[in-house]
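What follows is a short report on a single structure.
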Amino acid sequence: MDIEHVRSRFVKHFDGATGVVYASPGRINLIGEHTDYNGGFVFPGAVDKGIVAEIRPNGTNTVCCYSIDMKDWVEFGLNEEDAPRTSWAKYIFGVCREMIKRGVDVKGFDTCFAGDVPLGAGMSSSAALESTYAFALNDLFGENKIDKFELAKVGQATEHNYVGVNCGIMDQFASIFGKKGNLIRLDCRSLEYQYFPFDPRGYRLVLVDSVVKHELASSAYNKRRQSCETVVAAIARKYPQVEFLRDCTMEMLQSVKDEVSKEDYMRSEYVIEEIQRVLDVCDALERGDYETVGQKMYETHQGMSKLYEVSCEELDFLNDVAFDCGVTGSRVMGGGFGGCTINLVADELYDTFITNVKERYKAKFGKTPKVYDVVISDGARKLTE
């Protein structure tokens, strides 16, 4: 993330003045996919790629924004009826509105921003953008400062109310709470969280982007969510204490096998196993046992591919190549149907794996996958005074 680049653009667009520079990261999720809406755990970490923004209050009630990457200028007021039409500006407007709703006296400001989170790679550039501005506005205008949890909720509410995406809290949470050298286990039911050391010496964390996105994603997501809810309802008739699949054991699931469809059973089997895998990976990290971490990642991929059925031919192929090359762990990251695999690669295998995966993928699918090395880094922060 290049501060100097952002600063030079700010000086150019705002008459030679300077403001304060802030940054927030994108995120990865090591394990724990489709567990959030089932009351389970996710296990994200902030990465060394994100959004950098320079901001200066301008003494008016107008926000003047320049997107360096889009080469696009937008101005808007701070009232509900002032919502901009430009899609990227809706995120900044939404954050302003959500901060105002929480009692922060947001006034007009000048800003420009840029990012190096790869778009479409599942690292959540939108959460990085929301978190940058929530953190900055809290710092610049917040006489009654709001806490970090509320800042994450500001980003989530921006998605719900101004962008039209009904997302969970994980992306914004990771972007705000990220901590260098640590992953965060977030309990999606209680919102309790715990840091776990992630310092894989001798390994690298690598994303391989399939550069495909299949159109099934949103309808398939809703269908799988419905499957989980159907099974929970069936189990709760026998076990009234059950509220989410998080509360269910495999024995409980088996007790309703004849009352639910085969498909709904498979979906629930994956989720119950995945929630346990997150806990197993946390235990393994505390022991420094990265081989077990990798094994659990492969198990997650198999579950997402065969039980939850949210993988696709390209992702399964990338996973197979990783296994063939002796990569420690590999799985589809994110909702599925395209995007990336996340891979835990021993240093000595890195070059061979990257060469192999690019050559074999191109030979089969006619396109070269993109490769991103990621390092676990800090969350939202101020970079300059």
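From (1) assigned to a helix (DSSP H, G or I); (2) under 12 Å from V42 (Cβ atoms), pick out the condition that doesn't hold for L186. Tallying (1) assigned to a helix (DSSP H, G or I); (2) under 12 Å from V42 (Cβ atoms), L186 fails exactly one: (1). Every condition in (1) charged (D, E, K, R); (2) modelled with pLDDT under 95; (3) surrounded by 15 or more Cβ atoms within 10 Å (Cβ to Cβ) is met by D15 except one, and the failing one is (3). When R85 is tested against (1) touching a strand residue (DSSP E or B) at 6+ places or on another chain (Cβ under 7 Å); (2) among the charged types (D, E, K, R); (3) surrounded by fewer than 24 Cβ atoms within 10 Å (Cβ to Cβ), only condition (1) is not met. Restricting to segment 281-317, give me the number of residues that are farther than 16 Å from V327 by Cβ and surrounded by fewer than 16 Cβ atoms within 10 Å (Cβ to Cβ). Total meeting the criteria: 7.
Every listed requirement among (1) over 28 Å from I100 (Cβ atoms); (2) in contact with a strand residue (DSSP E or B) (Cβ under 6 Å, 6 or more places away or on another chain); (3) surrounded by fewer than 20 Cβ atoms within 10 Å (Cβ to Cβ) is met by K49 save one, (3). When Y221 is tested against (1) closer than 30 Å to Y265 by Cα; (2) of a type in the set (F, W, Y); (3) in contact (Cβ under 8 Å) with a residue 60 or more places away in the chain; (4) in contact with a strand residue (DSSP E or B) (Cβ under 6 Å, 6 or more places away or on another chain), just one condition goes unmet, and that condition is (4). The set of residues from segment 104-134 being over 18 Å from W88 (Cβ atoms) and either in a helix (DSSP H, G or I) or modelled with pLDDT under 95 (or both) comprises just one member, G122. Any residue at all in segment 176-188 that's more than 15 Å from G32 (Cα to Cα), surrounded by fewer than 19 Cβ atoms within 10 Å (Cβ to Cβ) and among the aliphatic types (A, V, I, L, M)? Looking through segment 176-188, none of the residues is more than 15 Å from G32 (Cα to Cα), surrounded by fewer than 19 Cβ atoms within 10 Å (Cβ to Cβ) and among the aliphatic types (A, V, I, L, M). Residues that are within 13 Å of R56 (Cβ to Cβ) and either out of contact with any helix residue (DSSP H, G or I) (no Cβ under 9 Å at 6 or more places or on another chain) or not in a loop (DSSP other than H, G, I, E, B) (or both) within segment 10-38 comprise F10, V11, H13, F14, D15, G16, V20, V21, Y22, listed in sequence order.
Restricting the search to strands (runs of 3 or more DSSP E) fully inside segment 273-376 and requiring at least 1 residues that are charged (D, E, K, R) and closer than 20 Å to H34 by Cα gives 329-333. The single condition among (1) within 25 Å of the chain's Cα centre (by Cα); (2) surrounded by 16 or more Cβ atoms within 10 Å (Cβ to Cβ) that R56 does not satisfy is (1). So is D110 surrounded by 18 or more Cβ atoms within 10 Å (Cβ to Cβ) and out of contact with any Pro (no Cβ under 6 Å at 6 or more places or on another chain) or not? Spelling it out, D110 is indeed surrounded by 18 or more Cβ atoms within 10 Å (Cβ to Cβ) and out of contact with any Pro (no Cβ under 6 Å at 6 or more places or on another chain).
The values are calculated or read from the model by the stated rules, or taken from the named source; none is laboratory data. Treat the numbers as computed from the prediction; the structure is a model and nothing was measured. No Cβ is skipped: glycine too gets one built from the backbone with ideal geometry, and neighbour counts run over all protein chains shown.
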